[in-house]
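Structure, as structure tokens:
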Amino acid sequence: KDFRNDVKPNWCPGCGDFAVQAAIQRAAANVGLEPENFAIVSGIGCSGRISGYINAYGFHGIHGRALPIAQGLKMANRDLTVMAAGGDGDGFAIGTNHTIHAIRRNIDMTYVVMDNQIYGLTKGQTSPRSMFGAKTKSTPKGSIEPPIRPLELAISAGAGFVAQGFSGDLAQLTRIIEEGIKHKGFSFINVFSPCVTFNKVNTYEWFKEHIVNLEEDPTFDPSNRSLAVQKVMEHDGLVTGIIYRDPERQSYQELVPNFSEAPLVNAELKLSDDVFASFLKEFE
Ligand code: SF4
């Protein structure tokens, strides 16, 4: 299936988000999805445009609120494969609470964060992922706040699938997203997606120099939660691969008592006039 559409992305040439878009399109095709059964909900920021660039259902949400919309979508129609996507400002500033609670709630969906460590759409301010000391328009003398640590945050919130990719490695990123889509539960995927226009420190070259691919580490085991945290901390978060996976963790849908097998959107509304009238009476 072809998940490309005719819309030409208006990202800057070289933006890491192009690779994320390509990886999602390839992963969706590789796992055998149909465009009509796939929905992408995005937030606000350069990354938020992604929902319009993929041949699937797209919903461009509001800042930091892609996750509540995506979770509602999945609960209403469990036949859809649902993905939320947004930037590090979206997921780790205004939307941090949704990120944490969506992870622990564990509704079966995938969340891709396009992490460029800066606010790109508003032309280069410090984001919650900017490095300590980062000099930007909003912190000209250097940021004095340490960055959010997405992998430790996701693991400690109880995620059953945590991964990190890099826009400079499309093959690995595609594979990670495929695995995230297949995972039954909430999949958290952070992606180093360089902003080539406003972040002149965390460039493709910088990541290539600093990243450690944990999939090439023979001592690593992604089913071992404490080892995963240990490795992430050892490399200061600059790791890629599937970091932690617990296929046994039950999803929200599996734990809801008597949750309908059929999607709620297809359920018959069984409210008789009597029931509806007595319901309204309660508000009189
Ligand atoms: Fe990408 Fe940065 Fe350009 Fe936004 S400003 S499109 S994040 S390179």
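Rule-based calculations on the coordinates, nothing more; no lab input. Because the structure is predicted, anything quoted here is derived from the model rather than measured. Backbone-built Cβ (ideal geometry, glycine too); neighbour counts: all protein chains shown.
Key figures
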item	result
Computed E for V31/N77 - FRET, C-beta separation, R0 22 angstrom, nearest 0.05	0.75
Summed side-chain charge close to S143 - residues other than S143 whose Cβ falls under 12 Å, Lys, Arg +1, Asp, Glu -1	+3
Set K74/K184; K137/K200; K182/K208 screened for pairs whose C-alpha atoms are more than 18 Å apart	K182/K208
Spherically averaged projected area of the range 17-281 from its Cα convex hull (nm²)	16.2 nm²
Spatial separation of Cα centroids for the range 233-284 and the range 168-204, in angstrom	26 Å
Potential extension, E216-S278 segment - 0.36 nm per residue separation minus Cα distance	16.0 nm
Exposure proxy order (Cβ contacts within 10 Å, fewest to most) of D221, D274, D169	D274, D221, D169
Set of aspartates and glutamates near K281 by C-alpha distance (under 20 Å), chain-local residues within fewer than 8 positions excluded	D273
Fully extended contour minus Cα-Cα distance, from A93 to N224, at 0.36 nm per residue	44.3 nm
Sparse-neighbourhood loop sites, chymotrypsin sites (Phe, Trp or Tyr not before Pro) in the range 116-163 - DSSP loop, at most 10 other Cβ within 10 angstrom	F132
Added length on full extension, which subtracts the Cα-Cα distance from 0.36 nm per residue, F259 to E205	14.6 nm
Farthest toward positive dipole pole in the range 184-250 [+1 Lys/Arg, -1 Asp/Glu at C-beta], among V201, H235, N213	V201
The chain: antiparallel DSSP beta bridges as a percent of all, rounded to 5	15 percent
Average Cα contact separation per residue, the range 17-281, under 8 Å, 6 or more apart, as relative contact order %	18 percent
Likely footprinting exposure, M75, M114, M109, fewest C-beta neighbours within 10 Å first	M75, M109, M114
Distance in nm between pseudo-label sites at A267 and C12 (7 Å out along the Cβ direction from Cα)	4.8 nm
Charge context of N116, other residues only, Cβ under 9 angstrom, K/R +1, D/E -1	-2
D (Stokes-Einstein, µm²/s), Kirkwood Cα radius, the range 18-119, 1.567 mPa s at 4 °C	97 µm²/s
About the Cα centre, charge dipole magnitude for the chain (Lys/Arg +1, Asp/Glu -1 at Cβ), debye	840 debye
